[in-house]
Amino acid sequence: MKVKFWGVRGSLPTPGPKTARYGGNTTCLQVLRDSGPLIILDAGTGVRELSDHLMKSQKPPYDIRMLVTHTHWDHIHGFPFFVPIYVPGTTMEVYGIGPIHNGKSFERVMRDQMTYSYFPVENTMLDDTVKYFDFNDLFKHREGGVEGFFKLCPDVTVRLKLTNHPVFCVAYRIEADGKKFIFTGDHEPYYDTTPQSSDSTSTETDNKALVDLMNERFIEFCEGVDLLVIDTTYTDAEYNGQPGKPATSKRGWGHSTFEYNIEVAKRAKVKKLVFTHHDPTRTDDDLDRLMEKYLAHAKRVIPNIEVMASREGLVVDV
Ligand SMILES: [Zn+2]
Ligand SMILES: [Zn+2]
């Protein structure tokens, strides 16, 4: 199993000469295997590049499984530009989770972005090719809810883990060909959201225990995987902001940091670590500088783990 990166940017596409080396398209990954259906993770604008490649290199009919981590724009807004959905004979199963906050199912959100208000082709044109599956429905009677595993196709098992993000978001652990690979989608370390008092109260102690448990469960989910591809939008300094100025903090925006992710890789004993979902304000030179710093940091903390930054076109052996 290999993983190919078609889009590596978080939040917003960032075209232009200053981002050409790492790439400006938003999140999209492809799982490469010798046989079975085409597996795609997220449909940010990178999926259009994958679409072009597919249309040139393979003849229809296409058999596709798409796993969407969540419905924020940068993870779905390439979907209407994925040409195989318009090709007669295509079979496409699209899995994801509805944001629920406003009562919308996954299918509703995906269909809504293909209405005439936003796009010239209505989703109803895809009814013969695209089937949507919402984990909230698929697993509503299962003990443990959506967190568990299912067979995506005969040789591929997918485990799900909810991540900490402003809407429901699932990390996918894909197990196939004797290997394990995780793509987290967007994820922020859990933290205590209640205001802190000057003396420690028993409620604060309980909250801390719960936060530690939630973070521990994320590390358990990552335990021993061959490849961990993880949301690394910020540095710790950017995440925390300036002392005494809470408005400069990125806490609660749903993203993680280089420092935290290196710690996750160490504790979970993963074999390879890839930073992705690059902040849209970063140029290629910014990313080069950050990678120089954090590769050196990783070399000290996790010397036996291969670490790299994602960029468009990168293929990683799982
Ligand atoms: Zn995102
Ligand atoms: Zn998001």
Inset, instruction - Can you give me the ranges of the helices (runs of 4 or more DSSP H) entirely in the range 32-137 with at least 3 residues that are more than 16 Å from ligand 1 (Cβ to nearest atom) and under 24 Å from A176 (Cβ atoms)? - result: 46-57
Inset, instruction - Those residues that are within 20 Å of the chain's Cα centre (by Cα) and either assigned to a strand (DSSP E or B) or within 19 Å of P84 (Cα to Cα) (or both), I need them from the range 138-153; list them, please. - result: F149, F150, K151, L152
Inset, instruction - Determine whether the range 169-191 contains at least one residue that is at pLDDT below 95, more than 16 Å from ligand 1 (Cβ to nearest atom) and either surrounded by 19 or more Cβ atoms within 10 Å (Cβ to Cβ) or over 17 Å from the mean Cα position of the chain (by Cα) (or both). - result: yes
Legend entry - Selection count where residues are polar (S, T, N, Q) and either within 19 Å of P13 (Cα to Cα) or within 15 Å of ligand 2 (Cβ to nearest atom) (or both), scope the range 37-78: 4
Inset, instruction - Go through the range 265-293 and count every residue that is touching a Ser or Thr at 6+ places or on another chain (Cβ under 8 Å) and not in a loop (DSSP other than H, G, I, E, B). - result: 6
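Would it be correct to say that G254 is closer than 22 Å to I182 by Cβ, surrounded by 15 or more Cβ atoms within 10 Å (Cβ to Cβ), among the small types (G, A, S) and touching a residue at least 60 places away in the same chain (Cβ under 8 Å)?
Details: closer than 22 Å to I182 by Cβ: yes; surrounded by 15 or more Cβ atoms within 10 Å (Cβ to Cβ): yes; among the small types (G, A, S): yes; touching a residue at least 60 places away in the same chain (Cβ under 8 Å): yes.
For G254, the condition - closer than 22 Å to I182 by Cβ, surrounded by 15 or more Cβ atoms within 10 Å (Cβ to Cβ), among the small types (G, A, S) and touching a residue at least 60 places away in the same chain (Cβ under 8 Å) - is met.
The values are calculated or read from the model by the stated rules, or taken from the named source; none is laboratory data. The shown structure was predicted, so the numbers you read here are calculated from the model rather than taken from an experiment. Cβ: placed from backbone, ideal geometry, glycine included. Neighbour counts: every protein chain shown.
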